[in-house]
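J.: One structure follows; several queries about it will come next.
FYI, it's all coordinate maths here, none of it is from the lab. Values in this document were obtained by computation on a predicted structure and should not be read as measured data. Methodologically, a virtual Cβ is constructed for each residue, glycine included, from the backbone with ideal geometry; neighbour enumeration extends over all protein chains shown.
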């Protein structure tokens, strides 16, 4: 099999986006309008893999010095594949990729995997290719997801908080106004960690405008004031919590617990998983046990986000 590798350019945008939509493991995060909102921060080096005129796969990526990253601006990455691709073809793609990287002066590949919960059809041929090319597992971050079709019961603490919020008259609604929640989120992050959200308010509004059905904001409100909120990313089979936060009042009222309960029980029709996100730092070597325990209280259990390294 002869694999041709083509570096992405703007003229390929429609072809790229159509492939993502029809792939077995792609999500809207790989669409060019999402990837390019922060184009000023990364040198894009995305690649397309062809067999003749047939597009087999895409690799969202950026280059920094002599390293190719499967894109640093995305939570997950890796080879986006069509439904008909075979294991042999994926091995050929990686053989061609490593040869291509050497030819352009890239001598290190850092490869993020797409967690299996996002696959619309089995798509772990790339993990086998990692093994075959002596890749080193350099990071394993642990996320937490609820299997919606067979949910575990909430633990007693979460049940108590949800009931308390109901009794206090907390209302949950979907909103298109991100500013009140972004104020709660930013104040929390600044107070606890001295940082701002990864997305600015302007950026999240920009992305919402381009992906109105994929990015959604839900809020818990008391006396018409936003006291907790959650930004949800629709990742195909997965409803993913991209951001969540509560004010001091919201924490006392169980507003986030009520919000998560509402989303899990009422807003996940047609989805397989509700995912809370990662609870690890330092490439997975530090586990925030309090945070993951909170998520496990809703019946969530572990999903890995793996990152591999190949030295060429």
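J.: Which distance in Å, rounded to a whole number, links the C-alpha centroids of segment 234-264 and segment 170-196?
T.: 11 Å
J.: Let me ask you something else. Using Cα pairs under 8 angstrom and six or more residues apart, how large is the relative contact order of segment 145-304, in percent? Provide the component values of the computation, followed by the final result.
T.: On the way: 251 pairs, mean separation 51.0, N = 160.
Here the relative contact order equals 32 percent.
J.: Add -39500 (n - 2.57) for each DSSP H run of 4 or more in the chain, then divide by its residues: what number comes out at 222 nm, to the nearest 500 deg cm²/dmol? List each step's numbers first, then the result.
T.: Numbers: 10 runs with 102 residues, N = 312.
For the chain, the value works out to -9500 deg cm²/dmol.
J.: Would you please give the FRET efficiency between residue 196 and residue 2, computed as 1/(1 + (r/R0)^6) with r the Cβ-Cβ distance and R0 = 35 Å, to the nearest 0.05?
T.: Once rounded, the FRET efficiency stands at 0.15.
J.: If you don't mind, another one. Can you list, bin by bin at 5 Å, the percent of alpha carbon pairs in segment 4-134, starting at 0?
T.: Pair shares across the bins are 2, 10, 23, 27, 22, 13, 3, 0.
J.: Rounded if a/c is under 1.5, else prolate if a/b beats b/c, else oblate: with a ≥ b ≥ c from the C-alpha gyration tensor eigenvalues square-rooted, which is segment 183-231?
T.: oblate
J.: Rounded, prolate or oblate, given the Cα gyration tensor of segment 126-165, with a/c below 1.5 counting as rounded? Write down the numbers at each step before the final one.
T.: Working: a/c = 6.42, a/b = 3.09, b/c = 2.08.
Here segment 126-165 falls in the prolate category.
J.: Here is a follow-up. When you count, for each residue, the other Cβ atoms within 10 Å and take the mean per peptide, how do 7-17, 91-101, 251-261 rank with the highest first?
T.: Order by mean packing, descending: 251-261, 91-101, 7-17.
J.: Under a plain spin-label model, where a point goes 7 Å from the Cα along Cα-to-Cβ, how far apart in nm are residue 301 and residue 155?
T.: 1.5 nm
J.: Do you know the relative contact order of the chain, to the nearest whole percent, from alpha carbon pairs under 8 angstrom that are 6+ apart?
T.: Result for the chain is 23 percent.
J.: Further, regarding this structure: Could you tell me which label, among (i) 58; (ii) 45; (iii) 33, carries the value of percent of Cα pairs over 27 Å apart calculated for this structure?
T.: Correct label, based on the coordinates given: (ii).
J.: Return the FRET efficiency for the residue pair residue 51, residue 249: r is the Cβ-Cβ distance, R0 is 41 Å, and the value is rounded to the nearest 0.05. Mind dumping the intermediate values first?
T.: Details: r = 58 Å, r/R0 = 1.41.
Efficiency at R0 = 41 Å is approximately 0.10.
J.: Compute the helix-to-body angle for 13-22: its Cα long axis versus the longest principal axis of the chain, expressed 0 to 90° and rounded to tens.
T.: 70 degrees
J.: Here is a further query. Could you tell me which of rounded, prolate or oblate describes segment 145-304, using a ≥ b ≥ c as the square roots of the eigenvalues of the alpha-carbon gyration tensor, with rounded for a/c under 1.5 and, failing that, prolate when a/b is larger than b/c and oblate otherwise?
T.: Rounded.
J.: Turning to a different aspect of this structure: At a threshold of 8 angstrom on Cα-Cα distance, excluding pairs fewer than six apart, so keeping six or more, what relative contact order does segment 4-134 reach in percent?
T.: RCO, segment 4-134: 26 percent.
J.: Same structure again: Students often check this: by mean Cβ neighbours within 10 Å, which of 191-201, 284-294 ranks highest, and how do the rest follow?
T.: Numbers: 191-201: 12.1, 284-294: 13.9.
The most tightly packed comes first, giving 284-294, 191-201.
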